[in-house]
Ligand SMILES: [Zn+2]
């Protein structure tokens, strides 16, 4: 009988700085781009950092290299289309990532209401799309268990990532 699963994603090797098979598995999964949904890294203190060929880098960058190789990556940032950052609660789905300049990256952060440390500023940021009222309502609706993040994102006109982060409290943390 045919035994064992064929190992499809054996290389290149991603060695984790904080040894975590879980994050490594998440990175490999994210690099495949099998889902349109954001893949959010949670449960790590600060930025989830991986070592790749001896260099430390954010998880999103490791995902990009796994999927596309290192060509053209020097001096460029791995940026997000979805409003997710690279830190904890950041998105690493390859479908959400693009290679951009530092200025592109900074513009993404402003648009997503994050600062350089990935900290959300909520409505006070001045460039919000969601309002406090929206977030409270979205959290209430989601708690009822009848709507998905995708449906809520469509309702409020934001990305699924932004919606998920707001509902889970990763952003708008100051709202109780
Ligand atoms: Zn995303």
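May I ask you to list the residues in segment 59-79 that are assigned to a loop (DSSP other than H, G, I, E, B) and more than 15 Å from residue 105 (Cα to Cα)? Break it down stepwise before answering.
Step one: filter segment 59-79 for residues assigned to a loop (DSSP other than H, G, I, E, B), giving 69-76.
69, 70, 71, 72 - these are the residues of segment 59-79 that are assigned to a loop (DSSP other than H, G, I, E, B) and more than 15 Å from residue 105 (Cα to Cα).
Cβ contacts < 6 Å: first residue under 15 Å from residue 83 (Cα atoms) and touching a residue at least 60 places away in the same chain (Cβ under 8 Å), restricted to segment 150-165; second residue part of a helix (DSSP H, G or I) and near the ligand (Cβ under 9 Å from one of its atoms), any location; separation 6+ or different chain. Result?
So the pair list comes out as 150/160.
Within segment 109-125, is even one residue more than 18 Å from residue 169 (Cβ to Cβ), more than 16 Å from the ligand (Cβ to nearest atom) and modelled with pLDDT of 80 or more?
Scanning segment 109-125, I find no residue that is more than 18 Å from residue 169 (Cβ to Cβ), more than 16 Å from the ligand (Cβ to nearest atom) and modelled with pLDDT of 80 or more, so the answer is no.
Filter segment 132-169 down to residues that are under 15 Å from the mean Cα position of the chain (by Cα) and surrounded by fewer than 20 Cβ atoms within 10 Å (Cβ to Cβ), then give me how many there are.
Qualifying residue count for the region: 2.
Would you point out the residue of segment 81-95, among those that are outside any helix (DSSP H, G or I) and at pLDDT 85 or above, that is nearest to the ligand (Cβ to nearest atom)?
Filtering segment 81-95 down to residues outside any helix (DSSP H, G or I) leaves 81-93.
Now narrow it down to the ones that are at pLDDT 85 or above: 92-93.
Working: 92: 8, 93: 5 Å.
My answer is 93.
The values are calculated or read from the model by the stated rules, or taken from the named source; none is laboratory data. From a predicted model like this one, the values you see are computed outputs, not experimental measurements. All Cβ positions, even for glycine, are placed from backbone atoms using ideal geometry, and neighbour counts span all protein chains on display.
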